[in-house]
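Presented below is the structure to which this report refers.
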Amino acid sequence: MLKPKLMTVLKEGYTKEQLFKDIVAGIIVGIIAIPLSIALAIASGVSPEKGLYTAIIAGFIISLLGGSRVQIGGPTGAFVVIIYDIIQKQGYQALVVATLLAGLILIFMGLLKLGSIIKYIPYPITTGFTSGIALVIFSQQIKDFFGLQMEHVPSEFIPRWSEYIKTFNTMSVNSLIVGIISLLIIMGWPYINKKIPGQLVAIGVTTGAVQLLGIKVETIGDRYSQLKAALPTLQVPQISLSTITSLLPTALTIAVLAGIESLLSAVVADGMIGGKHRSNMELVAQGTANIFSVLFGGIPATGAIARTAANIRNGGRTPVAGMVHSLTVLAVMMLLMPLAKLIPMTTLAAILMVVAYNMSEWRSFKNLFKAPKTDIAVLLVTFVLTVVFDLVVAIEFGVVMAAFLFMKRMADTTKVESIKDDLEDTPDLTMNNPEGIDPAIQVYQIYGPFFFGAADKFTDTIRESITPTRAMIIRMKHVPFMDATAYHALFKTYSYCRKHRILLLFTQVQEPVYALLDKNGFIELVGRDNFCENIEGALIRANAYIELHRKYPIAKEA
């Protein structure tokens, strides 16, 4: 259903009591979003205000058009790795183009009602790349947390750590102490007060201490001297066909990541409020939000699980809370942006270290080692590729690997066996065939889906014992579906049987398979009478054919 949840809420009757709760929740979440938006922007390799622009513009649009009542949108840790990589290698304009394309992809996915397709991304892949992203984000904070003197931080994981080791002797004790204090405040503050975010307290305490005590540490103002309060302006990038072609894989990754994160957040929110989101509308909203975010100087955005949960816990129950959250970020940015220059970089590093820990899913990662070996392989490959290379490679390779392993597993479950010996022990059949089933009759049964992964197995099994056969019965009772490759294998079997005067019979063919065979003209080709309801009927026809063949033998072909 392509209808924003906001329209539904307003039609249902929106009370003053709920409006007050939404305003309070929106203000609280907006305050939480400010330090996170700044920290995530810096970690992504862009200036702090771009994170705030994203929370304002994308956050407002996601709530305005979205398919969830309580979704809070904005910059998230999931995008840090891919944004940083694009910025380092191709610049901000490339990020803008890739995100525009990703936005269009998300909108088309929503319009085509593909919201449910995201659930087909295997869990080991999402866990693998999420844990990989968390490790990369954590590693990116080492420079600022320890105050290392480095001109440039490599975008690749291994070269980055190599530079850390080379420059570790430049560590700033002041930065380390302020960073540790920030970590202790962030982790310990929830035990004192759960309403006020620990990140905000850490920023307030450490910024105040640094300024009052004259502690020498790098601040946001030292790195971004041009930072000032200003409304975002429309910036339309120059786009060429070659640019689109080169950035399309990255755009697809951003779109998939935005879709996964936003719909996962919406599902978590549904569980907390007992609601049901509209996945297709959510994708349209996410796509629109990302387009406008980068056109007005922001970065990619998606649903933020932690901020959405905070919204719910503080009483937010409608999209109005998300819109208030965006307006709160805007108001604070316009009023207090000059003070943001005073925030120590090591404090932001501490905030992001906690973000990385929270998104690492280390418990889920550990529990997956109890899963089948194929799932463990997909998990580890996706994790390692995310860390060592990049998210694009990790998702592409992970999905392909998972698909091939799944196909192999399905092919392994499909069996083609001779059941002639089993049938001879069946009382009903021995009554009609006291001497047993004629040696010239072969009876095979296919177990499981009959698709390209199992077609060769079928052909090889048939080929092994087809020589002395005069009648072949194929039982398809346990075949739920069949694809074109499997049909081709059946057709080759029919062609061989026709050439060598072997009667081909089928029993208990399920309706979907029968419909496919009928559509291809196979039923008429083989003869409808040769499709029997049960094995007994097929044996009667096979015996009759063999008796006729023995009574009137056909000369052997040259």
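Observations on the structure shown:
- Cα convex hull, the chain: 212 Å³ per residue, rounded to a whole number.
- Residues listed by number, the range 438-474, amide nitrogen under 16 Å from Y120 label point at 7 Å toward C-beta: 452
- Proximal lysines to K366, defined as alpha-carbon separation beneath 24 angstrom and excluding residues fewer than eight positions away on the same chain: K119
- Prolate/oblate/rounded call for the range 185-230, Cα gyration tensor, a/c under 1.5 rounded: oblate
- Spin-label model, K3 to F481: label points 7 Å out along the Cα-to-beta-carbon direction sit 3.1 nm apart.
- Sequence-distant residues sharing a close amide H with V443 (under 5 Å, placed H): I419, K420, I473
- Above-threshold pairs, the threshold being 24 Å between Cα atoms, out of K492/K551; K420/K457; K195/K216; K21/K50: K492/K551; K195/K216; K21/K50
- Fewest-first ranking of L335, L227, using other Cβ atoms within 10 Å as the exposure measure: L335, L227
- Computed packing ranks the peptides 187-196, 126-135, 370-379 as 126-135, 370-379, 187-196, most packed first, by mean other Cβ atoms within 10 Å.
- Relative contact order [Cα under 8 Å, 6+ residues apart], the chain, whole percent: 23
- Residues V320, V384, sorted so that the one with the fewest Cβ neighbours within 10 Å comes first: V384, V320
- Of the residues H277, H152, the one with the fewest other Cβ atoms within 10 Å heads the list, and the complete ranking is H152, H277.
- Checking every one of the chymotrypsin sites (Phe, Trp or Tyr not before Pro) in the range 9-64 against DSSP loop status and a limit of 16 other Cβ atoms within 10 Å picks out Y14.
- Ranked by the mean number of other Cβ atoms within 10 Å of their residues, highest first, the peptides 210-218, 509-517 fall in the order 509-517, 210-218.
- Proximal aspartates and glutamates to K113, defined as alpha-carbon separation beneath 18 angstrom and excluding residues fewer than eight positions away on the same chain: E261, E282
Readers should treat all values here as calculations from the given coordinates under stated rules, not as data from a laboratory. Remember, it's a predicted structure, so these values are computed and weren't measured experimentally. Glycine gets a Cβ as well: all are built from the backbone with ideal geometry, and neighbour counts include every protein chain shown.
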